[in-house]
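All remarks here apply to the structure that follows.
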Number of protein chains: 2
Amino acid sequence: MNILVIALGGNAILKRGERGSYEEQYYNITETVSKLADIIELGYRIVITHGNGPQVGATMIRYDAAKTLVPPFPLHVAGAETQGFIGYMIQQALVNEFIKRKIDISVATVVTQVIVDRNDPAFNNPTKPIGPFYRKEELQEISRLHPDWVIIDDAGRGYRRVVPSPDPKRIVEIDVIKRLVKDDSIVIACGGGGIPVIEKEGQLIGVDAVIDKDLASERLATQLGASKMMILTDVEGVYLDYNTPHQRLLRETNLDEIKKYHAEGHFKTGSMGPKVKAIIRFLANGGSEGIIGHLEKAKENLVEGEGTHIFP
Amino acid sequence: MNILVIALGGNAILKRGERGSYEEQYYNITETVSKLADIIELGYRIVITHGNGPQVGATMIRYDAAKTLVPPFPLHVAGAETQGFIGYMIQQALVNEFIKRKIDISVATVVTQVIVDRNDPAFNNPTKPIGPFYRKEELQEISRLHPDWVIIDDAGRGYRRVVPSPDPKRIVEIDVIKRLVKDDSIVIACGGGGIPVIEKEGQLIGVDAVIDKDLASERLATQLGASKMMILTDVEGVYLDYNTPHQRLLRETNLDEIKKYHAEGHFKTGSMGPKVKAIIRFLANGGSEGIIGHLEKAKENLVEGEGTHIFP
């Protein structure tokens, strides 16, 4: 099978400067799925993953704003809600695109849990800011309501909760996703990196954490035996010496070379770092090609050599 | 295949008097899935549907409370979010129950859209109250923000939005659900009656409406070719002359008889009416048995003749 896992970046759903209305997000997604349909028409069986940063942030703001009226939910529930929301938009827009193009393929969003190690060191070092900004005078009330929250002073913009970002280990719903892909369905899975769960005495328990969506996509691609994985973002590809006068785009490279560049610190933790790390893991685990490129050139990345191509 | 569609009532997730915290809902669901696991151990392939009334209500309250901070979403999006949320809880609890019982079956929530007719008369007669109560002085602002909303005076408790409750026609994701059921997976689908969509110029469009979850479950059961459909609720079964001195429980009946009782007005629109209507449709469309009974007796309904059994 020629399975291709496509990880959509935030810009596939929400553009910079937008407030995040449903209409904005749905419009962006109709543009995105048209690019995905081009790839499906090439004969690829695609599995779609996506981020949920701004959406989960908005959900946490809603929980907070209504907390005296209805009980706020934990972060992992916000993850599940945004999987439903974003998955719904993608599947509806994709079905509509298929109707226009007379493509007869079914599409489904599978709510996805991803297992993380409860001994992951990330749990002792929460780093990922999430949800609303708080004022200093609110902090006492917040820590009374949520004694387990870690709050940081976010660069003078206010106080903000930070959560751990543990490493994804295993996709709980992998069998179901595998069956659907085998049956030629398009699956939307692992939204927002998946809902993080730990295993404790053989039971799954949701935890408040954020899994990097590219690293979760690697787990999905590897567990599915995908041949290719493509991460779509808002830059042309992987740059060396990014944002310096010497910046240059990598067109084609291999595992050893990209590992060397990664070790040399070319890729920032908050942006290209996890993408490159995900591709490194994918290739080391048997993948045959990793691609990082611009969302606008989704098809060109595959057939015209746009973007950065990394081989074993 | 011995497919059984089980429609869970609101009490499977939230008990009367509870405020709706995650902990309450997850606890109730662990109790519910233990009953479902008993049925799975009997050899049934079950497909699970569920309501979302209180959950979607809470979501609309959150949208409203945070509306000056983040854009509120339409009702159909709230439906998608609660499918993610409730589906996540059910699938996690069921996987955990399977681990305890050493059952090796995969479980997945499929985000489900349900097509309704855009010419359905319900669209001209919205009747289903949804979301927060408003005070009289808020109404002008509400109608400025949402010019398309219909607001009613809800029995002196305040003002409330009402939405249409159109008849479900077809499950968009039926192929995917069918494949998973065929492959022995447990599927959670049609949450809250499904996300209502209309077809317009061949395109699916989400609409603000609420589909009755029992009627949507009938569509699912019929489209899947299920042999049985069981609606679980908080009463023992179907009563004639309910809440009168002459009330009596129907143990076993048939299609003609139940249609007669239905026409005689024995079943209330807001409670038993749609359940009976759903079973009538299911049997008329080829189903071999419809059961309505208490959630607590899920297994006893099937094997010990508890509840009401309706045959063609």
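The values are calculated or read from the model by the stated rules, or taken from the named source; none is laboratory data. What you see is a predicted model, and the numbers here were worked out from it, not measured in a lab. Heads up, the Cβs are rebuilt from the backbone with ideal geometry, glycines too, and the neighbour counts pull from every protein chain shown. Calculation scope for accessible area: heavy atoms of the full protein, side chains included, ligands and nucleic acids excluded. Shrake-Rupley method; radii C 1.70, N 1.55, O 1.52, S 1.80 Å.
Express as a percent, rounded to the nearest 5, the fraction of DSSP beta bridges in chain A (both residues included) that run antiparallel.
Details: 21 of 49 bridges.
The antiparallel fraction comes to roughly 45 percent.
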Q | Mean ellipticity per residue at 222 nm, deg cm²/dmol - from DSSP H runs of n ≥ 4 across the protein assembly as shown, formula -39500 (n - 2.57) | A | -12000 deg cm²/dmol
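For the protein assembly as shown, just run the numbers: alpha carbon Rg, then divide by 2.2 N^0.38 Å, N being how many residues it has.
Values: Rg = 24.7 Å, N = 624, 2.2 N^0.38 = 25.4 Å.
Rg over 2.2 N^0.38 Å, computed on Cα atoms: 0.97.
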(Q) Which three extents, in angstrom, do the Cα atoms of the stretch B:214-274 have along their principal axes, listed largest first? (A) 40, 25, 20
(Q) Report the B-A buried area as the accessible area lost on both sides summed, probe 1.4 Å, in Å² to the nearest 100. (A) 4700 Å²
Q: For the stretch A:85-192, with all protein chains present and a 1.4 Å probe, just round the carbon and sulfur fraction of the accessible area to a whole percent.
A: 46 percent
Q. What accessible area, in Å² to the nearest ten, does a 1.4 Å probe give for A:Thr222?
A. 40 Å²
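Return the ratio Rg/(2.2 N^0.38 Å) for the stretch A:113-159, where Rg is computed over Cα atoms only. Intermediate results must be reported in sequence, preceding the final value.
Working: Rg = 13.0 Å, N = 47, 2.2 N^0.38 = 9.5 Å.
Against the compact-globule rule of thumb, the ratio is 1.37.
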Q: Quote the accessible area belonging to B:Glu264 in square angstrom, nearest 10, computed with a 1.4 Å probe and with ligands, DNA and RNA left uncounted.
A: 110 Å²
Q) In nm, what does the list of distances from A:Ala155 to its counterparts in the other copies look like, shortest first, when each label sits 7 Å along Cα to Cβ? A) 5.3
Q) Considering the stretch A:6-132, what Rg and Dmax in Å follow from its alpha-carbon atoms? A) 16.7, 52
Q: List the trypsin sites (Lys or Arg not before Pro) within the stretch B:222-272 that fall in a DSSP loop (any state other than H, G, I, E or B) and whose Cβ has at most 10 other Cβ atoms within 10 Å.
A: none
Q: Any of A:Lys275/A:Lys297; B:Lys178/B:Lys228; A:Lys15/A:Lys213; B:Lys182/B:Lys213; B:Lys128/B:Lys268 with alpha carbons more than 20 Å apart? Name them for me.
A: B:Lys182/B:Lys213
Q) Among all helices in chain A defined by DSSP H, which have a length of 24 Å or more along the axis from Cα atoms plus a Kyte-Doolittle mean of at least -1.0? A) A:22-41, A:75-101
**Q.** Closest approach to the axis - chain A beta-carbon, rotation onto B, Å
**A.** A:Gly84, 1
Q. For the stretch A:204-312, what is one quarter of the convex hull surface built on the Cα atoms, given in nm²?
A. 7.8 nm²
Q) How far is A:Leu42 from the same spot in each other copy, in nm, shortest first, if each label point sits 7 Å from Cα toward Cβ? A) 5.1
Q) Just which residues of the stretch B:54-83 lose 30 Å² or more accessible area with every protein chain there, against their chain alone, with the probe set to 1.4 Å? A) B:Ile61, B:Arg62, B:Ala65, B:Leu69, B:Val70, B:Pro71, B:Phe73, B:His76, B:Val77, B:Ala80, B:Glu81
Q: Would you mind getting the accessible area per residue of chain A, heavy atoms of the protein chains only, 1.4 Å probe, in Å²?
A: 40 Å²
Q. Roughly what % of Cα-Cα distances in the stretch B:167-261 sit above 15 Å, to the whole percent?
A. 71 percent
Q: Specify the residue with the greatest mean-square fluctuation among B:Thr244, B:Thr59, B:Thr82, computed from a Gaussian network of chain B linking alpha-carbon atoms under 10 Å apart.
A: B:Thr244
**Q.** Square roots of five times the Cα gyration tensor eigenvalues for chain A, Å
**A.** 31, 23, 20
Q. Is there a simple number for the mean count of other chain Cβ atoms within 10 Å of the Cβ of residues in B:16-22, and what is it?
A. 3
Q: Place the label 7 angstrom along Cα→C-beta at B:Arg101 and in each other copy, then list the distances from the first to the rest in nm, shortest first.
A: 4.3
**Q.** Equivalent ellipsoid dimensions for the stretch B:113-220 as semi-axes, Å, which come from the Cα gyration tensor, largest first
**A.** 32, 15, 11
Q) With a sphere of radius 12 Å drawn around the Cβ of B:Ile211, what net charge do the other residues whose Cβ falls strictly inside it have (Lys, Arg +1; Asp, Glu -1)? A) -2
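Antiparallel DSSP bridges in the protein assembly as shown: what percent, to the nearest 5? Write out the running numbers ahead of the final one.
Details: 43 of 99 bridges.
So the antiparallel bridges amount to about 45 percent of the total.
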Q | Long-range amide H partners of B:Cys190 with built H, under 5 Å | A | B:Thr112
Q) Straight-line reach from A:Lys200: which aspartates and glutamates have Cα under 16 Å away, leaving out those fewer than 8 places along the same chain? A) A:Asp117, A:Asp120, A:Asp208, B:Glu97
